[in-house]
Ligand SMILES: Nc1ncnc2c1ncn2[C@@H]1O[C@H](COP(=O)(O)OP(=O)(O)OP(=O)(O)O)[C@@H](O)[C@H]1O
Ligand SMILES: [Mg+2]
């Protein structure tokens, strides 16, 4: 297998991006996560492994609040996400998520899939700027804030154009430029997942969350998707990846978490965790999957 | 034969035909107005009911929606029309068309809401999750992703609702509004043709024609909306491709125009 140099840029080593503090999550009476604490630093590639039903997806989904934690806290760049007045949408714009079943928007063509979020969010910011300007003008009408100035810096046409160019560039990067104008239903699983990845990248996220990105793929398509993820890793992207691909985990991870019975049973660099597992359940798990 | 002679008489008598045309106009105006209002109301109610599942603040609006749906579906539409015409909107010179549009719109809204809600629930939750994970608000996700797919799923049910609505509007004659059905009654009265059968037949053909055209349009629409589904023909694929390409070209053209306009602006400034 091809040797990869995974950067974990030394200068930003201790910059905590995601902080998970004593997180628990219950579905009714079923406590799935029983107190998880760990930090994800900038540039880290954290791989989460564990038996089926151990709460890996639940943990990942708590990170961008797709699931609301029952107790504990999740911080993103120092801000608590599960606090009352947090604007979760604003934070999610910086956290990409890739799903097991791709979840491309069926009603939109490939390029529209990629452009949707950048355009919608750009237009929203534009509306906000315009509203600010209007507010100031009304105020000035009554003689207040005479010397203040609000500028509308955004422009609808530029927002669309930038989103389009960016989408095309991303498609080019994964070699699917010629699929820009088709519906997702005409694509293979591997193509869909690669597009799902660049759709998330179109928002320029600071961290990418992957939930078993290759589990729903035919074996011959796993490679092309892992290749895209590896490229991202080499590029320095911070990532949290739930996967059953142990080879991939060994190759890409800077740290591996073994989750079982709702807690982190082992947390170590891949060499150590795979080479010298300490937890009994982890040994059992590895003997089954390796 | 007398029957065909009588039909010919109706079609050639401008007085009779003017009743039919104005009746047809009323039927169409009331139906379309009510359908539009029903669609709006139904969408609002469906979205409130769906959103209420995850948002506690919407508890009260949800209860109001449930009461609305319960009352509308639990009482006859004729009674609803009477209540509107003879009680709530019993205002002198208040246009009956508006009364009818409001009645049937509010009535239809309850059924549309339930149809749409079922349609929205049938859209894979992963679609919503993908939208929300990108930082889109729940309303943007709903409008840009979920509802377009839900509509595709509910087009057949909506078509039936619209067809039922058009036929149902015939009861407006009970409050004195001259629609297509009432027109037949006027033409058939003793001072005109003194025969109800033939004018009723003529009007029946009009209703049939409307329903037939509508069925045809809906079928086309349904097929168009299914373009994004699995087995898409090459011809359709080429069409989609052309349409999207056009969209992208438009974005480029608008941008170029904008850049050019900015350039001339700054030149003028100098
Ligand atoms: N929305 C939900 N409602 C109720 N229970 C849930 C929900 N989501 C997950 N669970 C339960 O939580 C437990 C953990 O689920 P989770 O999906 O996190 O496991 P996992 O580790 O990702 O498993 P897998 O490897 O099979 O994907 C399971 O027992 C599951 O039944
Ligand atoms: Mg899972």
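Values in this text are rule-based calculations from the coordinates and carry no lab data. Predicted model, so just to flag it, every value in this text is computed and none were measured. Cβ coordinates were reconstructed from backbone atoms using ideal geometry, including for glycine residues, and neighbour counts include every protein chain displayed.
Helix B:197-225: angle to the longest alpha-carbon principal axis of chain B, degrees 0 to 90, nearest 10?
10
Going 7 Å from the Cα of residue B:236 in the Cα-to-Cβ direction, what parts of the stretch B:211-226 have a backbone nitrogen less than 14 Å from that spot?
Inside the label zone: B:219-226.
Work out how far the C-alpha atoms of the stretch B:1-112 reach from end to end along every principal axis, then list the three figures in whole Å, largest first.
Projected onto its principal axes, the Cα set of the stretch B:1-112 covers 68, 31, 20 Å.
For the stretch A:196-212, list residues with backbone N below 12 Å from a point placed 7 Å from the Cα of residue A:77 toward its Cβ?
Backbone N within reach: A:204-207.
What is the spread of the Cα atoms of the protein assembly as shown along each of their three principal axes, largest first, in whole Å?
103, 71, 53
If I take R0 = 30 Å and measure r between the Cβ atoms of residue B:71 and residue B:3 in this structure, what FRET efficiency does the formula 1/(1 + (r/R0)^6) give, to the nearest 0.05?
Working: r = 45 Å, r/R0 = 1.49.
The value I calculate is 0.10.
Between residue A:84 and residue A:234, what length comes free when the chain is fully extended (0.36 nm per residue of separation minus the Cα-Cα distance, one decimal in nm)?
Values: separation 150, 0.36 × 150 = 54.00 nm, distance 3.62 nm.
Answer, rounded to one decimal: 50.4 nm.
Work out the FRET efficiency for residue B:189 and residue B:87 from their Cβ-Cβ distance, taking R0 = 30 Å, and round it to the nearest 0.05. Write out the running numbers ahead of the final one.
Details: r = 29 Å, r/R0 = 0.97.
According to the calculation, E is roughly 0.55.
Tell me the angle of helix A:280-289 to the major Cα principal axis of chain A, expressed in degrees between 0 and 90 and rounded to the nearest ten.
90
With an 8 Å cut-off on Cα pairs and a minimum separation of 6 or more residues, tell me the relative contact order of the stretch A:31-167 in percent. Walk me through the numbers on the way to the answer.
Values: 72 pairs, mean separation 21.4, N = 137.
Taking the mean separation of contacting Cα pairs over the length of the stretch A:31-167, I get 16 percent.
Compute and list, largest first, the equivalent-ellipsoid semi-axes of the stretch A:120-245 from the alpha carbon gyration tensor, each √(5λ) rounded to a whole angstrom. Write down the numbers at each step before the final one.
Numbers: eigenvalues 349, 55, 26 Å².
So the three semi-axes of the stretch A:120-245 are 42, 17, 11 Å.
Which value in deg cm²/dmol, rounded to the nearest 500, describes the helix-derived mean residue ellipticity at 222 nm for chain A, given -39,500 (n - 2.57) per DSSP H run of n ≥ 4 and division by the residue count?
Numbers: 9 runs with 115 residues, N = 290.
Theoretical 222 nm ellipticity from helices: -12500 deg cm²/dmol.
If you average the sequence gap of Cα pairs under 8 Å that are 6 or more apart and divide by the length of chain A, what percent do you get for the contact order? Don't jump to the answer; show the numbers that get you there.
Values: 481 pairs, mean separation 79.2, N = 290.
RCO, chain A: 27 percent.
Nearest 500 deg cm²/dmol is fine: what mean residue ellipticity at 222 nm does chain B get from its DSSP H runs of n ≥ 4 alone, each adding -39,500 (n - 2.57), divided by its residue count?
Values: 11 runs with 207 residues, N = 270.
Dividing the helical sum by the residues of chain B leaves -26000 deg cm²/dmol.
Just to confirm the number: angle between the C-alpha axis of helix A:219-234 and the first principal axis of chain A, 0 to 90 degrees, nearest 10?
60
How big is the equivalent ellipsoid of the stretch B:124-230 along its three axes, where each semi-axis is √(5λ) from the Cα gyration tensor, reported in whole Å from largest to smallest?
45, 16, 7
Got the relative contact order for the stretch A:170-290 handy, in percent, Cα pairs under 8 Å and 6 or more residues apart? If you can, show how the numbers build up before the last one.
Working: 105 pairs, mean separation 21.3, N = 121.
For the stretch A:170-290, the relative contact order is 18 percent.
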